[in-house]
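> What follows is a structure written as structure tokens; I'll ask about it next.
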Amino acid sequence: MNYYDIVTEDSCDLNALSRYVIRGSAAEGIAMIAFQEKDLGDIREKFAPENLAQFYREDRALCRLTESGMEEFGRASRPLKVWYRREHRRFARKRKLKLRLKSCTQTEIRPQKIPAVRYKAYEYIDRENGMIFPYRFRRAPGGKKQPLVVYFHGASAMGEDNILQYLEYLPMAHYLHGQNCNILLPQCPYGLNRNDEFPRMVRYIDAVDALIRRLAEREPVDLDRVYLIGTSLGGSMVWEMAYRHPQLIAAGLAVMGIFMDYALYQNAVELEQNSSSRLPHFSRMRDVPLWIAHAADDTNVSIAGDDGCVEQLQRLGAAVRYSRYDRYGHRMHTRFYRKEPWVDWLFRQSLNR
């Protein structure tokens, strides 16, 4: 049986794997390798343990390398060539980002000429966190400081066009009509919804926190009333913001998301890999008012994560509210936003509570 993997310069020495390379090269920084079971000893030596997670077998089985050899744990959802093309594009974007960051001398906000009435377009360059991403901002009318609503979009709006996240948000504008508030619409870079990109997701969350504080220095933003709303991937971002920057958040609404720290803990429990040390410190966000919403029949994002997290927070006496639907799947958010009094709840919260 032949086994395949896609490796990059970030994870291993491509020159040391040159005998196995069938596409790409060390010069490109990314390559597809092919090997057989007789090569497993050599492969194990050339990979760090954390990079031995997944291999693609010629019959489209997904395998992991264990002490006894290759162990099958799933089936690939796409052909090998498609997998390589997607990974190549993703790597090219990351390399381009690194080159851009090298050329930037400071953290700054740059205006963009992409019209959308009151939602002005910008690019945020964060040298400290190593992130560049676009965002849109609508300033609250009047000169007084007003709340800031941050909307985190779903996975289909990831990118760098500074349009998709705005289009996804537009239906939400109807519900916020009449609320005098600032609106921030950050656009998440491609690929941050993957488990292996978790460190970059954390840096993105830290960069959004830094952006909010920077905006408060130049716009009429009341830092005592920062409200987060997120759908699907965006719901995950709300969880991460509440966990990593609880002192900033007046309230968070996480719809159909998953708290990645807890998901990684659940995965560690399943694999019996030091799970006790990976359980998140839920006490960090015990005092953040959170409204969690999910559907039990959601096949895109499992409700198991939200069930577990809400239970952990309730044990701590946290101010968590849970809307647990039996049906509606991954379209539940349309019903939730239309039927539930989330706007009134959100704008009643404040850090001065």
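The values are calculated or read from the model by the stated rules, or taken from the named source; none is laboratory data. For clarity, every value in this text was computed on a predicted model and none was experimentally measured. All Cβ positions, glycine included, derive from the backbone under ideal geometry; neighbour counts span all protein chains shown. Accessible surface areas use protein heavy atoms only, side chains included; no ligands, DNA or RNA. Shrake-Rupley method; radii C 1.70, N 1.55, O 1.52, S 1.80 Å.
> Got a sec? Which of P134, P147, P189 is within 25 Å of N300 (Cα to Cα) and either buried (at least 17 other Cβ atoms within 10 Å of the Cβ) or not hydroxyl-bearing (S, T, Y) (or both)?
The conditions single out P189.
> Also, I was wondering about something else. Would you mind stating whether D222 is in contact with a Pro (Cβ under 6 Å, 6 or more places away or on another chain), farther than 14 Å from Y243 by Cα and either touching a residue at least 60 places away in the same chain (Cβ under 8 Å) or surrounded by fewer than 16 Cβ atoms within 10 Å (Cβ to Cβ) (or both)?
For D222, the condition - in contact with a Pro (Cβ under 6 Å, 6 or more places away or on another chain), farther than 14 Å from Y243 by Cα and either touching a residue at least 60 places away in the same chain (Cβ under 8 Å) or surrounded by fewer than 16 Cβ atoms within 10 Å (Cβ to Cβ) (or both) - is met.
> Which one of these is crowded, with 22+ Cβ neighbours inside 10 Å and over 19 Å from T107 (Cβ atoms): L170, L228, L164, L176? Steps first, please.
Details: L170 fails: crowded, with 22+ Cβ neighbours inside 10 Å; L164 fails: crowded, with 22+ Cβ neighbours inside 10 Å; L176 fails: crowded, with 22+ Cβ neighbours inside 10 Å.
Checking each option against the conditions leaves just L228.
> Looking only at the range 316-340, which residues are basic (K, R) and assigned to a loop (DSSP other than H, G, I, E, B)?
Quick first cut of the range 316-340, residues basic (K, R) only: 321, 324, 327, 331, 335, 338-339.
The answer is R327, and nothing else.
> Suppose we filter E71, E87 for residues that are assigned to a strand (DSSP E or B), acidic (D, E) and either in contact (Cβ under 8 Å) with a residue 24 or more places away in the chain or open to solvent by less than 90 Å² (accessible area, probe 1.4 Å) (or both); which single one remains?
Criteria check complete, one pass: E71.
> Return the residue satisfying two criteria in turn: it lies in the range 294-315 and is in a loop (DSSP other than H, G, I, E, B) and in contact with a helix residue (DSSP H, G or I) (Cβ under 6 Å, 6 or more places away or on another chain), and of such residues it is least open to solvent (accessible area, probe 1.4 Å).
Only one residue fits best here, namely D298.
Conditions tested, residue by residue: (1) touching a helix residue (DSSP H, G or I) at 6+ places or on another chain (Cβ under 9 Å); (2) modelled with pLDDT under 85.
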residue	(1), (2)
A31	yes, no
G41	no, no
P49	no, yes
L52	yes, yes
E67	no, yes
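> Within the range 280-289, identify whether any single residue is open to solvent by 60 Å² or more (accessible area, probe 1.4 Å), touching a residue at least 40 places away in the same chain (Cβ under 8 Å) and either of a type outside the set (D, E, K, R) or in contact with a Phe, Trp or Tyr (Cβ under 9 Å, 6 or more places away or on another chain) (or both), and answer yes or no. Spell out how you get there, then give the answer.
Going through the range 280-289, the residues open to solvent by 60 Å² or more (accessible area, probe 1.4 Å) turn out to be 281, 283-284, 286-287.
This time we only want the ones that are touching a residue at least 40 places away in the same chain (Cβ under 8 Å), so: 284, 287.
Filter once more, keeping what is either of a type outside the set (D, E, K, R) or in contact with a Phe, Trp or Tyr (Cβ under 9 Å, 6 or more places away or on another chain) (or both): 284.
The answer is yes; a qualifying residue exists.
> Consider only pairs whose beta carbons are under 8 Å apart and that are at least six residues apart or on different chains; among these, list those whose first residue lies in the range 23-47 and is over 15 Å from T8 (Cα atoms) and open to solvent by less than 70 Å² (accessible area, probe 1.4 Å) and whose second residue is in a strand (DSSP E or B) and aliphatic (A, V, I, L, M).
Every condition considered, the pairs that remain are L40/L65; L40/M70.
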